[in-house]
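Just below is one structure, and these are the notes that go with it.
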Amino acid sequence: MTAPDQPVLRIGNCSGFYGDRLSAMREMLEGGPLDVLTGDYLAELTMLILGRDLTKDPSAGYARTFVSQVEDTLGLALERGVRIVGNAGGLNPAALAARLREVADVLGLRPVIAHVQGDDLRARSTELGYPGALTANAYLGAGGIAAALTAGADIVVTGRVSDASLVVGPAMAHFGWGPTSYDALAGATVAGHVIECGTQATGGNFSGFLSLPRDGRPLGFPVAEVAADGSCVITKHPGTGGAVTVDTVTAQLMYEIQSERYLGPDVTTRLDTVSLAQVEADRVSISGVRGEAPPSTLKVCVNELGGYRNTLEFVLTGLDVDAKADWLQAQLGPALHAESVTWTRVDLGAPGADTEEGASCLLRCTVTDPAADAVGKAFTAPAVALALASYPGFTMTGPPAPATPYGVYRAAYVDRASVTQVVVMPDGSRFEIADQIEEIDVAPAPSADSAGPSTAARPSTGPTVEAPLGTFVHARSGDKGGDANLGLWVAHDGSRRYDARVAWLLDFVTEARIRELVPEAAGLAVDVVPLPNLGGVNVVLHGLLGEGVAASTRFDPQAKGLGEWVRSRVVDVPEVLR
(Lines give C-alpha, C1' and ligand atoms only; values in the text may rest on other atoms or scores of the structure.)
Protein backbone atom coordinates (compact mmCIF):
# COMPACT_ATOMS: atom_id res chain seq x y z
CA MET A 1 0.00 0.00 0.00
CA THR A 2 3.04 2.26 0.32
CA ALA A 3 2.66 5.30 -1.94
CA PRO A 4 4.44 8.21 -0.24
CA ASP A 5 4.17 10.36 -3.37
CA GLN A 6 0.41 10.76 -2.74
CA PRO A 7 0.21 14.03 -0.77
CA VAL A 8 -2.53 12.91 1.64
CA LEU A 9 -4.29 9.72 2.63
CA ARG A 10 -8.04 10.26 2.93
CA ILE A 11 -9.34 8.17 5.82
CA GLY A 12 -13.03 8.25 6.67
CA ASN A 13 -15.07 6.89 9.55
CA CYS A 14 -18.47 5.22 9.30
CA SER A 15 -19.10 4.05 12.87
CA GLY A 16 -18.46 5.39 16.34
CA PHE A 17 -20.05 2.51 18.24
CA TYR A 18 -21.87 -0.80 17.77
CA GLY A 19 -25.33 0.45 16.79
CA ASP A 20 -24.33 3.56 14.87
CA ARG A 21 -26.12 4.60 11.68
CA LEU A 22 -26.33 1.52 9.45
CA SER A 23 -26.36 3.53 6.22
CA ALA A 24 -23.13 5.38 7.06
CA MET A 25 -20.81 3.03 5.17
CA ARG A 26 -22.70 3.60 1.94
CA GLU A 27 -23.01 7.33 2.64
CA MET A 28 -19.25 7.63 3.06
CA LEU A 29 -18.43 5.59 -0.05
CA GLU A 30 -20.85 7.56 -2.21
CA GLY A 31 -20.34 11.00 -0.68
CA GLY A 32 -16.82 11.81 -1.80
CA PRO A 33 -13.30 10.54 -2.45
CA LEU A 34 -11.75 8.18 0.11
CA ASP A 35 -8.74 5.87 0.27
CA VAL A 36 -9.63 4.04 3.48
CA LEU A 37 -12.88 3.70 5.40
CA THR A 38 -12.66 2.82 9.10
CA GLY A 39 -15.24 1.88 11.70
CA ASP A 40 -15.03 1.70 15.49
CA TYR A 41 -17.50 -0.79 16.95
CA LEU A 42 -15.99 -1.58 20.34
CA ALA A 43 -16.29 -0.06 23.79
CA GLU A 44 -15.79 -1.49 27.24
CA LEU A 45 -19.51 -2.20 27.52
CA THR A 46 -19.60 -3.67 23.99
CA MET A 47 -16.92 -6.18 24.91
CA LEU A 48 -19.13 -7.32 27.80
CA ILE A 49 -22.14 -7.69 25.47
CA LEU A 50 -20.08 -9.64 22.93
CA GLY A 51 -18.68 -11.81 25.72
CA ARG A 52 -22.20 -12.82 26.74
CA ASP A 53 -23.03 -13.51 23.07
CA LEU A 54 -20.01 -15.75 22.76
CA THR A 55 -20.97 -17.85 25.78
CA LYS A 56 -24.25 -18.67 24.04
CA ASP A 57 -22.83 -19.21 20.53
CA PRO A 58 -19.13 -19.96 19.84
CA SER A 59 -19.53 -18.57 16.30
CA ALA A 60 -20.69 -15.18 17.62
CA GLY A 61 -18.74 -12.48 19.42
CA TYR A 62 -18.44 -9.91 16.62
CA ALA A 63 -20.45 -6.87 15.50
CA ARG A 64 -23.09 -8.32 13.22
CA THR A 65 -24.13 -4.94 11.79
CA PHE A 66 -20.71 -4.72 10.12
CA VAL A 67 -21.61 -7.77 8.04
CA SER A 68 -24.78 -6.06 6.83
CA GLN A 69 -22.88 -2.89 5.96
CA VAL A 70 -20.22 -4.77 3.98
CA GLU A 71 -22.82 -6.88 2.21
CA ASP A 72 -24.52 -3.68 1.05
CA THR A 73 -21.38 -1.87 -0.13
CA LEU A 74 -18.59 -4.35 -0.90
CA GLY A 75 -18.90 -4.04 -4.67
CA LEU A 76 -18.86 -0.24 -4.45
CA ALA A 77 -15.80 -0.23 -2.17
CA LEU A 78 -13.86 -2.53 -4.52
CA GLU A 79 -14.89 -0.52 -7.56
CA ARG A 80 -13.62 2.70 -5.98
CA GLY A 81 -10.49 1.14 -4.50
CA VAL A 82 -11.40 1.98 -0.92
CA ARG A 83 -9.89 -0.27 1.76
CA ILE A 84 -12.09 -1.07 4.77
CA VAL A 85 -10.59 -1.36 8.26
CA GLY A 86 -12.68 -2.06 11.36
CA ASN A 87 -12.43 -3.50 14.85
CA ALA A 88 -15.82 -5.19 14.42
CA GLY A 89 -14.16 -8.57 15.00
CA GLY A 90 -14.64 -8.02 18.71
CA LEU A 91 -13.94 -11.30 20.48
CA ASN A 92 -13.97 -13.40 17.31
CA PRO A 93 -12.23 -11.71 14.37
CA ALA A 94 -11.59 -15.05 12.64
CA ALA A 95 -15.33 -15.82 12.58
CA LEU A 96 -16.11 -12.36 11.22
CA ALA A 97 -13.52 -12.73 8.44
CA ALA A 98 -14.98 -16.11 7.52
CA ARG A 99 -18.50 -14.69 7.45
CA LEU A 100 -17.41 -11.82 5.22
CA ARG A 101 -15.85 -14.29 2.76
CA GLU A 102 -19.17 -16.13 2.63
CA VAL A 103 -20.91 -12.85 1.86
CA ALA A 104 -18.38 -12.03 -0.86
CA ASP A 105 -18.83 -15.47 -2.44
CA VAL A 106 -22.58 -14.97 -2.64
CA LEU A 107 -22.00 -11.60 -4.28
CA GLY A 108 -19.55 -13.10 -6.75
CA LEU A 109 -16.71 -10.90 -5.47
CA ARG A 110 -13.15 -11.86 -4.50
CA PRO A 111 -11.80 -9.34 -2.00
CA VAL A 112 -8.71 -10.11 0.05
CA ILE A 113 -9.99 -10.27 3.64
CA ALA A 114 -7.46 -10.47 6.47
CA HIS A 115 -7.89 -10.44 10.21
CA VAL A 116 -5.68 -9.51 13.14
CA GLN A 117 -5.68 -11.50 16.36
CA GLY A 118 -3.64 -11.88 19.52
CA ASP A 119 -5.53 -9.49 21.78
CA ASP A 120 -7.58 -12.24 23.51
CA LEU A 121 -5.94 -12.93 26.88
CA ARG A 122 -8.73 -14.88 28.56
CA ALA A 123 -6.34 -17.81 28.98
CA ARG A 124 -4.20 -15.50 31.13
CA SER A 125 -7.02 -14.14 33.29
CA THR A 126 -5.62 -15.73 36.47
CA GLU A 127 -2.23 -14.15 35.76
CA LEU A 128 -4.00 -10.81 35.30
CA GLY A 129 -5.62 -11.19 38.72
CA TYR A 130 -9.16 -11.89 37.49
CA PRO A 131 -9.60 -15.66 37.23
CA GLY A 132 -12.57 -16.71 35.16
CA ALA A 133 -12.98 -13.28 33.53
CA LEU A 134 -15.63 -13.15 30.82
CA THR A 135 -13.36 -11.10 28.54
CA ALA A 136 -9.73 -10.00 28.72
CA ASN A 137 -8.40 -8.16 25.68
CA ALA A 138 -5.18 -6.25 25.22
CA TYR A 139 -5.29 -3.00 23.28
CA LEU A 140 -3.09 -3.85 20.31
CA GLY A 141 -1.40 -1.27 18.12
CA ALA A 142 -1.47 -0.54 14.41
CA GLY A 143 1.28 -2.91 13.29
CA GLY A 144 -1.02 -5.77 12.32
CA ILE A 145 -3.33 -3.50 10.32
CA ALA A 146 -0.38 -1.94 8.48
CA ALA A 147 1.09 -5.36 7.67
CA ALA A 148 -2.23 -6.72 6.37
CA LEU A 149 -2.74 -3.71 4.10
CA THR A 150 0.85 -3.94 2.84
CA ALA A 151 0.18 -7.60 2.03
CA GLY A 152 -2.71 -6.55 -0.20
CA ALA A 153 -5.78 -6.82 2.02
CA ASP A 154 -8.92 -5.06 0.84
CA ILE A 155 -10.62 -5.54 4.20
CA VAL A 156 -8.92 -5.84 7.58
CA VAL A 157 -10.93 -6.80 10.66
CA THR A 158 -9.48 -6.82 14.14
CA GLY A 159 -10.37 -7.57 17.67
CA ARG A 160 -9.45 -5.08 20.39
CA VAL A 161 -6.99 -2.55 19.02
CA SER A 162 -6.71 0.99 20.23
CA ASP A 163 -9.38 3.09 18.51
CA ALA A 164 -6.83 5.45 17.00
CA SER A 165 -4.81 2.54 15.58
CA LEU A 166 -7.55 2.08 12.97
CA VAL A 167 -6.21 5.28 11.40
CA VAL A 168 -2.54 4.90 12.36
CA GLY A 169 -2.30 1.50 10.63
CA PRO A 170 -3.35 2.67 7.14
CA ALA A 171 -1.09 5.73 7.47
CA MET A 172 1.88 3.55 8.46
CA ALA A 173 1.30 1.29 5.47
CA HIS A 174 0.84 4.19 3.06
CA PHE A 175 3.72 6.41 4.10
CA GLY A 176 6.13 3.69 5.23
CA TRP A 177 6.55 5.03 8.75
CA GLY A 178 8.67 2.99 11.13
CA PRO A 179 8.05 2.28 14.82
CA THR A 180 10.17 5.28 15.87
CA SER A 181 8.44 7.82 13.61
CA TYR A 182 7.00 9.14 16.83
CA ASP A 183 5.86 12.57 15.68
CA ALA A 184 4.13 11.20 12.59
CA LEU A 185 2.56 8.39 14.61
CA ALA A 186 1.40 10.89 17.21
CA GLY A 187 -0.17 13.10 14.54
CA ALA A 188 -2.03 10.13 13.09
CA THR A 189 -3.09 9.09 16.59
CA VAL A 190 -4.69 12.50 17.09
CA ALA A 191 -6.40 12.19 13.72
CA GLY A 192 -7.65 8.74 14.72
CA HIS A 193 -8.87 9.97 18.09
CA VAL A 194 -10.79 12.80 16.43
CA ILE A 195 -12.64 10.65 13.89
CA GLU A 196 -13.01 7.42 15.92
CA CYS A 197 -16.35 8.44 17.44
CA GLY A 198 -17.93 9.36 14.13
CA THR A 199 -20.24 12.34 14.19
CA GLN A 200 -19.00 13.53 17.58
CA ALA A 201 -16.39 15.36 15.47
CA THR A 202 -18.98 17.04 13.24
CA GLY A 203 -21.40 18.45 15.80
CA GLY A 204 -22.84 15.45 17.62
CA ASN A 205 -22.94 15.64 21.43
CA PHE A 206 -21.55 19.19 21.08
CA SER A 207 -22.30 21.83 23.70
CA GLY A 208 -22.21 24.51 21.01
CA PHE A 209 -24.99 22.84 19.03
CA LEU A 210 -26.92 26.13 18.80
CA SER A 211 -24.31 27.32 16.29
CA LEU A 212 -25.00 24.34 13.99
CA PRO A 213 -27.41 24.46 11.03
CA ARG A 214 -29.83 21.99 12.76
CA ASP A 215 -31.74 21.60 9.50
CA GLY A 216 -32.70 17.97 9.94
CA ARG A 217 -29.98 16.51 7.72
CA PRO A 218 -28.10 13.59 9.29
CA LEU A 219 -24.72 14.70 10.59
CA GLY A 220 -21.90 13.86 8.21
CA PHE A 221 -19.23 11.40 9.31
CA PRO A 222 -15.68 12.78 9.51
CA VAL A 223 -12.73 12.40 7.17
CA ALA A 224 -9.06 12.84 8.09
CA GLU A 225 -6.75 13.87 5.27
CA VAL A 226 -3.45 12.63 6.70
CA ALA A 227 -0.14 13.95 5.35
CA ALA A 228 3.26 12.24 5.28
CA ASP A 229 4.43 14.07 8.43
CA GLY A 230 1.33 13.00 10.41
CA SER A 231 -0.40 16.36 10.22
CA CYS A 232 -3.94 16.30 8.91
CA VAL A 233 -7.06 18.18 8.00
CA ILE A 234 -10.37 17.07 9.50
CA THR A 235 -13.33 17.54 7.19
CA LYS A 236 -16.54 15.86 6.00
CA HIS A 237 -18.18 15.14 2.68
CA PRO A 238 -19.86 18.14 1.00
CA GLY A 239 -23.56 18.58 1.59
CA THR A 240 -23.73 16.52 4.76
CA GLY A 241 -25.16 17.83 8.01
CA GLY A 242 -23.29 19.31 10.93
CA ALA A 243 -20.05 21.25 10.82
CA VAL A 244 -16.32 20.82 11.32
CA THR A 245 -14.95 23.66 13.42
CA VAL A 246 -12.11 24.14 15.88
CA ASP A 247 -14.65 23.67 18.66
CA THR A 248 -16.20 20.44 17.31
CA VAL A 249 -12.69 19.02 16.87
CA THR A 250 -11.63 20.20 20.34
CA ALA A 251 -14.73 18.55 21.77
CA GLN A 252 -13.62 15.16 20.47
CA LEU A 253 -9.97 15.76 21.39
CA MET A 254 -11.09 16.38 24.97
CA TYR A 255 -13.17 13.19 25.02
CA GLU A 256 -12.05 10.39 27.35
CA ILE A 257 -8.42 11.40 27.72
CA GLN A 258 -6.48 11.24 30.96
CA SER A 259 -3.55 13.66 30.86
CA GLU A 260 -1.39 15.69 28.51
CA ARG A 261 0.39 12.43 27.65
CA TYR A 262 -2.05 10.24 25.74
CA LEU A 263 -0.72 6.71 26.17
CA GLY A 264 -1.28 4.32 23.29
CA PRO A 265 0.26 1.10 22.02
CA ASP A 266 1.83 2.87 19.03
CA VAL A 267 3.12 6.07 20.61
CA THR A 268 2.78 8.40 23.57
CA THR A 269 1.08 11.47 22.15
CA ARG A 270 1.72 14.89 23.65
CA LEU A 271 -1.71 16.51 23.62
CA ASP A 272 -0.14 19.73 24.90
CA THR A 273 1.55 20.16 21.51
CA VAL A 274 -1.56 19.93 19.33
CA SER A 275 -2.28 23.01 17.23
CA LEU A 276 -5.71 23.52 15.62
CA ALA A 277 -6.69 26.04 12.96
CA GLN A 278 -9.80 26.69 10.88
CA VAL A 279 -8.39 26.75 7.36
CA GLU A 280 -11.76 27.11 5.62
CA ALA A 281 -15.38 26.10 6.13
CA ASP A 282 -15.63 22.53 7.45
CA ARG A 283 -11.85 22.11 7.34
CA VAL A 284 -9.71 22.15 10.50
CA SER A 285 -5.97 21.52 10.40
CA ILE A 286 -4.12 19.61 13.10
CA SER A 287 -0.37 20.17 13.24
CA GLY A 288 2.64 20.35 15.50
CA VAL A 289 1.89 17.11 17.33
CA ARG A 290 4.88 15.58 19.10
CA GLY A 291 5.28 11.96 20.07
CA GLU A 292 7.37 9.89 22.43
CA ALA A 293 8.01 6.18 22.89
CA PRO A 294 4.91 4.17 23.83
CA PRO A 295 4.67 2.61 27.28
CA SER A 296 6.31 -0.77 27.92
CA THR A 297 2.95 -2.26 28.88
CA LEU A 298 -0.34 -2.77 27.07
CA LYS A 299 -3.65 -1.98 28.67
CA VAL A 300 -6.08 -4.88 29.00
CA CYS A 301 -9.86 -4.50 29.08
CA VAL A 302 -11.20 -7.08 31.55
CA ASN A 303 -14.90 -7.73 32.05
CA GLU A 304 -16.27 -9.91 34.82
CA LEU A 305 -19.83 -10.87 35.59
CA GLY A 306 -20.53 -8.80 38.68
CA GLY A 307 -23.94 -10.12 39.66
CA TYR A 308 -27.54 -9.10 39.05
CA ARG A 309 -29.45 -5.83 39.26
CA ASN A 310 -32.96 -4.44 39.12
CA THR A 311 -34.61 -1.01 39.31
CA LEU A 312 -38.03 0.36 40.20
CA GLU A 313 -39.13 3.96 39.71
CA PHE A 314 -41.90 5.41 41.88
CA VAL A 315 -43.79 8.57 40.92
CA LEU A 316 -44.29 11.17 43.66
CA THR A 317 -46.83 13.86 42.73
CA GLY A 318 -47.98 17.13 44.22
CA LEU A 319 -47.60 18.07 47.87
CA ASP A 320 -45.48 16.57 50.65
CA VAL A 321 -43.03 14.87 48.28
CA ASP A 322 -40.33 14.53 50.94
CA ALA A 323 -42.70 12.87 53.38
CA LYS A 324 -43.99 10.51 50.69
CA ALA A 325 -40.45 9.46 49.80
CA ASP A 326 -39.52 8.95 53.46
CA TRP A 327 -42.58 6.79 54.14
CA LEU A 328 -42.03 4.59 51.07
CA GLN A 329 -38.40 4.00 52.01
CA ALA A 330 -39.39 3.20 55.58
CA GLN A 331 -41.99 0.69 54.35
CA LEU A 332 -39.95 -0.99 51.62
CA GLY A 333 -36.48 -0.79 53.16
CA PRO A 334 -36.85 -3.62 55.73
CA ALA A 335 -38.08 -6.00 53.01
CA LEU A 336 -35.00 -5.52 50.80
CA HIS A 337 -32.10 -7.91 51.41
CA ALA A 338 -29.94 -7.25 48.36
CA GLU A 339 -26.24 -6.63 48.88
CA SER A 340 -26.59 -3.05 47.61
CA VAL A 341 -29.66 -0.80 47.76
CA THR A 342 -29.44 2.69 46.25
CA TRP A 343 -32.19 5.34 46.42
CA THR A 344 -32.03 8.42 44.19
CA ARG A 345 -34.57 11.12 43.53
CA VAL A 346 -35.04 12.94 40.24
CA ASP A 347 -36.90 16.21 40.62
CA LEU A 348 -39.05 17.02 37.61
CA GLY A 349 -41.18 19.87 38.87
CA ALA A 350 -42.96 21.49 41.79
CA PRO A 351 -46.47 21.65 43.31
CA GLY A 352 -48.67 24.11 41.46
CA ALA A 353 -47.48 23.08 38.02
CA ASP A 354 -50.11 23.21 35.27
CA THR A 355 -49.59 19.54 34.31
CA GLU A 356 -49.55 16.44 36.48
CA GLU A 357 -46.20 15.40 35.07
CA GLY A 358 -44.77 18.80 35.83
CA ALA A 359 -45.84 18.43 39.46
CA SER A 360 -44.19 15.02 39.82
CA CYS A 361 -40.77 13.65 40.55
CA LEU A 362 -39.26 10.17 40.41
CA LEU A 363 -37.86 8.14 43.26
CA ARG A 364 -35.60 5.41 41.92
CA CYS A 365 -34.54 2.30 43.84
CA THR A 366 -31.72 0.21 42.34
CA VAL A 367 -30.56 -3.06 43.89
CA THR A 368 -27.61 -5.30 43.09
CA ASP A 369 -26.62 -8.71 44.43
CA PRO A 370 -24.50 -11.71 43.43
CA ALA A 371 -27.70 -13.82 43.34
CA ALA A 372 -30.52 -13.20 40.87
CA ASP A 373 -33.21 -14.24 43.36
CA ALA A 374 -32.35 -11.40 45.74
CA VAL A 375 -33.15 -8.75 43.12
CA GLY A 376 -35.98 -10.54 41.34
CA LYS A 377 -39.39 -11.08 42.90
CA ALA A 378 -37.82 -10.74 46.36
CA PHE A 379 -37.35 -7.09 45.38
CA THR A 380 -40.35 -6.34 43.18
CA ALA A 381 -43.09 -8.23 45.08
CA PRO A 382 -42.80 -6.20 48.32
CA ALA A 383 -42.96 -3.01 46.23
CA VAL A 384 -46.06 -4.10 44.33
CA ALA A 385 -47.70 -5.10 47.61
CA LEU A 386 -47.57 -1.46 48.72
CA ALA A 387 -49.70 -0.28 45.79
CA LEU A 388 -52.77 0.31 48.00
CA ALA A 389 -50.92 0.65 51.27
CA SER A 390 -48.49 3.52 50.94
CA TYR A 391 -48.37 7.21 49.99
CA PRO A 392 -51.26 8.87 48.11
CA GLY A 393 -50.92 8.67 44.35
CA PHE A 394 -48.65 5.58 44.49
CA THR A 395 -47.66 4.55 40.97
CA MET A 396 -44.59 3.34 39.09
CA THR A 397 -43.22 4.23 35.67
CA GLY A 398 -43.44 0.63 34.45
CA PRO A 399 -44.25 -2.92 35.47
CA PRO A 400 -41.77 -4.91 37.56
CA ALA A 401 -39.03 -6.61 35.55
CA PRO A 402 -36.87 -9.67 36.19
CA ALA A 403 -33.30 -9.35 37.40
CA THR A 404 -30.66 -8.77 34.75
CA PRO A 405 -26.94 -9.61 34.91
CA TYR A 406 -24.38 -6.83 34.96
CA GLY A 407 -20.67 -6.73 34.34
CA VAL A 408 -17.75 -5.07 36.07
CA TYR A 409 -14.98 -3.46 34.07
CA ARG A 410 -11.37 -3.70 35.24
CA ALA A 411 -8.21 -2.33 33.69
CA ALA A 412 -5.12 -4.53 33.79
CA TYR A 413 -1.67 -4.21 32.24
CA VAL A 414 0.75 -6.68 30.68
CA ASP A 415 4.28 -6.49 29.36
CA ARG A 416 3.83 -5.74 25.67
CA ALA A 417 6.55 -8.24 24.81
CA SER A 418 4.33 -11.01 26.19
CA VAL A 419 1.55 -10.31 23.65
CA THR A 420 1.91 -11.60 20.10
CA GLN A 421 -0.01 -9.83 17.35
CA VAL A 422 -0.79 -12.13 14.42
CA VAL A 423 -2.06 -11.32 10.92
CA VAL A 424 -4.01 -14.08 9.18
CA MET A 425 -4.48 -13.86 5.41
CA PRO A 426 -7.32 -15.58 3.49
CA ASP A 427 -5.05 -18.42 2.31
CA GLY A 428 -4.33 -19.28 5.94
CA SER A 429 -0.84 -17.84 5.96
CA ARG A 430 0.05 -16.19 9.25
CA PHE A 431 2.78 -13.80 10.27
CA GLU A 432 3.64 -12.34 13.62
CA ILE A 433 4.21 -8.64 14.17
CA ALA A 434 7.35 -7.73 16.05
CA ASP A 435 6.56 -5.36 18.90
CA GLN A 436 9.71 -3.79 20.22
CA ILE A 437 10.04 -0.33 21.71
CA GLU A 438 13.00 1.58 20.36
CA GLU A 439 14.18 4.62 22.25
CA ILE A 440 15.53 7.47 20.14
CA ASP A 441 16.77 10.92 20.99
CA VAL A 442 14.07 13.50 20.41
CA ALA A 443 13.92 17.19 21.15
CA PRO A 444 11.77 17.90 24.21
CA ALA A 445 8.23 18.91 23.48
CA PRO A 446 7.05 22.24 24.88
CA SER A 447 5.35 21.95 28.24
CA ALA A 448 1.73 22.89 28.73
CA ASP A 449 2.62 26.06 30.63
CA SER A 450 4.60 27.40 27.67
CA ALA A 451 2.12 26.68 24.90
CA GLY A 452 -1.14 28.14 23.76
CA PRO A 453 -2.69 31.55 23.31
CA SER A 454 -3.15 32.30 26.98
CA THR A 455 0.49 32.63 27.98
CA ALA A 456 0.54 36.41 27.56
CA ALA A 457 -2.70 36.91 29.42
CA ARG A 458 -3.36 36.96 33.13
CA PRO A 459 -6.54 35.97 34.95
CA SER A 460 -8.92 38.91 34.97
CA THR A 461 -9.71 40.63 38.23
CA GLY A 462 -12.20 43.29 39.18
CA PRO A 463 -15.99 43.18 39.54
CA THR A 464 -17.68 39.87 38.91
CA VAL A 465 -21.16 38.82 37.91
CA GLU A 466 -22.97 35.54 38.47
CA ALA A 467 -23.38 33.59 35.24
CA PRO A 468 -23.46 29.97 34.08
CA LEU A 469 -19.97 28.61 33.44
CA GLY A 470 -21.22 27.68 29.97
CA THR A 471 -21.66 31.34 29.04
CA PHE A 472 -18.42 31.06 27.09
CA VAL A 473 -17.09 27.61 28.10
CA HIS A 474 -17.77 24.41 26.18
CA ALA A 475 -17.66 20.92 27.70
CA ARG A 476 -17.48 17.28 26.67
CA SER A 477 -17.66 14.42 29.17
CA GLY A 478 -17.65 10.64 29.21
CA ASP A 479 -16.50 7.50 30.99
CA LYS A 480 -13.26 5.58 31.30
CA GLY A 481 -14.11 2.55 33.37
CA GLY A 482 -15.13 3.86 36.77
CA ASP A 483 -13.65 7.32 36.13
CA ALA A 484 -15.42 10.27 34.59
CA ASN A 485 -13.60 12.52 32.15
CA LEU A 486 -14.56 16.19 31.77
CA GLY A 487 -13.05 18.51 29.20
CA LEU A 488 -13.65 22.27 29.53
CA TRP A 489 -12.47 24.84 27.00
CA VAL A 490 -13.23 28.39 25.92
CA ALA A 491 -15.48 28.77 22.89
CA HIS A 492 -14.05 30.18 19.68
CA ASP A 493 -16.89 32.65 19.23
CA GLY A 494 -14.89 35.46 17.66
CA SER A 495 -14.55 37.37 20.92
CA ARG A 496 -11.47 39.54 21.41
CA ARG A 497 -11.54 38.37 25.01
CA TYR A 498 -10.54 34.80 24.06
CA ASP A 499 -7.02 34.89 25.54
CA ALA A 500 -8.23 36.50 28.76
CA ARG A 501 -11.04 33.97 29.06
CA VAL A 502 -8.57 31.09 28.65
CA ALA A 503 -6.30 32.55 31.32
CA TRP A 504 -9.28 32.89 33.67
CA LEU A 505 -10.48 29.33 33.03
CA LEU A 506 -7.02 27.86 33.64
CA ASP A 507 -6.85 29.73 36.93
CA PHE A 508 -10.47 28.99 37.87
CA VAL A 509 -10.55 25.21 37.42
CA THR A 510 -8.80 23.59 40.36
CA GLU A 511 -9.36 20.35 42.25
CA ALA A 512 -11.18 22.26 44.96
CA ARG A 513 -13.35 24.07 42.42
CA ILE A 514 -14.34 20.81 40.73
CA ARG A 515 -15.46 19.43 44.09
CA GLU A 516 -17.62 22.54 44.53
CA LEU A 517 -19.14 22.19 41.08
CA VAL A 518 -19.59 18.41 41.40
CA PRO A 519 -20.40 17.70 45.07
CA GLU A 520 -20.38 13.94 44.35
CA ALA A 521 -16.62 14.26 43.93
CA ALA A 522 -16.06 15.53 47.48
CA GLY A 523 -14.25 12.39 48.61
CA LEU A 524 -12.73 11.41 45.27
CA ALA A 525 -9.33 11.93 43.72
CA VAL A 526 -9.48 14.62 41.04
CA ASP A 527 -6.89 15.39 38.37
CA VAL A 528 -6.84 18.76 36.60
CA VAL A 529 -4.63 18.91 33.49
CA PRO A 530 -4.12 22.32 31.84
CA LEU A 531 -4.10 22.32 28.04
CA PRO A 532 -3.66 26.00 27.16
CA ASN A 533 -2.92 25.13 23.53
CA LEU A 534 -6.51 23.87 23.34
CA GLY A 535 -7.84 26.75 25.41
CA GLY A 536 -8.91 24.69 28.39
CA VAL A 537 -8.39 21.90 30.89
CA ASN A 538 -9.06 18.21 31.17
CA VAL A 539 -10.47 16.86 34.43
CA VAL A 540 -10.55 13.25 35.61
CA LEU A 541 -12.88 12.38 38.50
CA HIS A 542 -11.61 9.04 39.74
CA GLY A 543 -14.25 6.56 40.88
CA LEU A 544 -17.26 8.77 40.13
CA LEU A 545 -18.84 5.93 38.13
CA GLY A 546 -18.08 3.15 40.61
CA GLU A 547 -17.15 -0.09 38.85
CA GLY A 548 -17.99 1.16 35.37
CA VAL A 549 -21.03 1.78 33.19
CA ALA A 550 -22.54 -1.71 33.41
CA ALA A 551 -22.36 -1.79 37.20
CA SER A 552 -22.97 1.87 38.06
CA THR A 553 -26.17 2.84 39.82
CA ARG A 554 -25.57 6.52 39.09
CA PHE A 555 -28.30 8.46 37.27
CA ASP A 556 -25.90 9.07 34.36
CA PRO A 557 -23.67 5.96 34.42
CA GLN A 558 -21.48 7.07 31.49
CA ALA A 559 -21.14 10.70 32.62
CA LYS A 560 -22.41 11.84 29.22
CA GLY A 561 -24.38 14.72 30.76
CA LEU A 562 -21.77 15.68 33.36
CA GLY A 563 -20.29 18.38 31.14
CA GLU A 564 -23.66 19.98 30.46
CA TRP A 565 -24.46 19.98 34.16
CA VAL A 566 -21.15 21.66 35.01
CA ARG A 567 -21.73 24.25 32.27
CA SER A 568 -25.07 25.10 33.85
CA ARG A 569 -23.53 25.77 37.27
CA VAL A 570 -23.60 29.44 38.21
CA VAL A 571 -20.19 30.89 39.04
CA ASP A 572 -18.62 34.33 39.54
CA VAL A 573 -17.29 35.54 36.19
CA PRO A 574 -15.32 38.78 35.75
CA GLU A 575 -17.59 41.34 34.12
CA VAL A 576 -14.95 42.20 31.52
CA LEU A 577 -15.05 38.63 30.15
CA ARG A 578 -18.77 38.50 29.38
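The values are calculated or read from the model by the stated rules, or taken from the named source; none is laboratory data. All of these numbers come straight from a predicted model, not from anything done at the bench. Ideal geometry is used to build each Cβ from the backbone, glycine not excepted, and the neighbour counts take in all protein chains shown. Note: areas computed on protein heavy atoms with side chains; ligands, DNA, RNA excluded. Shrake-Rupley method; radii C 1.70, N 1.55, O 1.52, S 1.80 Å.
Tabulated values for the structure
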{"quantity": "C-alpha center-to-center spacing [the stretch 61-77, the stretch 361-388] in angstrom", "calculated": "42"}
{"quantity": "Residues of type lysines that Lys560 reaches as a straight line, Cα spacing below 19 Å, ignoring anything fewer than 8 places off in the same chain", "calculated": "Lys480"}
{"quantity": "For Gly203, residues with placed amide H under 5 Å, excluding near neighbours", "calculated": "Ala243"}
{"quantity": "Reported label for calculated Rg/Rh (Cα atoms, Kirkwood Rh) given [x] 1.06; [y] 0.99; [z] 0.96", "calculated": "[y]"}
{"quantity": "Solvent-accessible area of Arg83 with every protein chain in place, 1.4 Å probe, in Å² to the nearest 10", "calculated": "50"}
{"quantity": "Built amide H within the under 5 Å cut-off of Lys236, gap 5+", "calculated": "Val223"}
{"quantity": "Under the Karplus curve 6.51 cos²θ - 1.76 cosθ + 1.60, θ = phi - 60°, whole-Hz ³J(HN,Hα) for the stretch 232-245, x wherever Gly or Pro sits", "calculated": "7, 10, 8, 8, 8, 5, x, x, 8, x, x, 7, 10, 10"}
{"quantity": "Solvent exposure ordering (accessible area, 1.4 Å, most first) of Glu280, Glu339", "calculated": "Glu339, Glu280"}
{"quantity": "For the stretch 79-88, 3J(HN,Hα) per residue [Karplus equation, 6.51 cos²θ - 1.76 cosθ + 1.60, θ = phi - 60°, Hz, x = Gly/Pro]", "calculated": "4, 8, x, 9, 7, 10, 10, x, 8, 5"}
{"quantity": "Listed residues Thr395, Thr317, Thr126 arranged by accessible area, highest first, probe 1.4 Å", "calculated": "Thr126, Thr395, Thr317"}
{"quantity": "Between the stretch 160-203 and the stretch 286-349, the Cα center-to-center distance that results, in Å", "calculated": "34"}
{"quantity": "Where Trp343, Trp489 fall by accessible area, highest first, once all protein chains stay in place (1.4 Å)", "calculated": "Trp343, Trp489"}
{"quantity": "J(HN,Hα) series, the stretch 275-292, from Karplus relation 6.51 cos²θ - 1.76 cosθ + 1.60, nearest Hz, glycine and proline x", "calculated": "10, 10, 8, 7, 8, 6, 4, 6, 9, 10, 8, 10, 8, x, 6, 10, x, 9"}
{"quantity": "Proximal charge balance of Pro392 [Cβ under 10 Å; K/R count +1, D/E count -1]", "calculated": "0"}
{"quantity": "Rounded accessible area of Val490 (nearest 10 Å², 1.4 Å probe)", "calculated": "0"}
{"quantity": "Cα gyration tensor, the stretch 82-207 - rounded (a/c under 1.5), prolate or oblate", "calculated": "rounded"}
{"quantity": "Asp282 long-range amide H proximity, modeled H, under 5 Å", "calculated": "Val244"}
{"quantity": "Rounded to the nearest 10 Å², the accessible area of Leu34 at probe 1.4 Å", "calculated": "10"}
{"quantity": "Length-normalised contact order for the chain - Cα pairs under 8 Å, 6+ apart - percent", "calculated": "13"}
{"quantity": "The stretch 390-429 versus the stretch 3-34: alpha-carbon centroid distance in Å", "calculated": "28"}
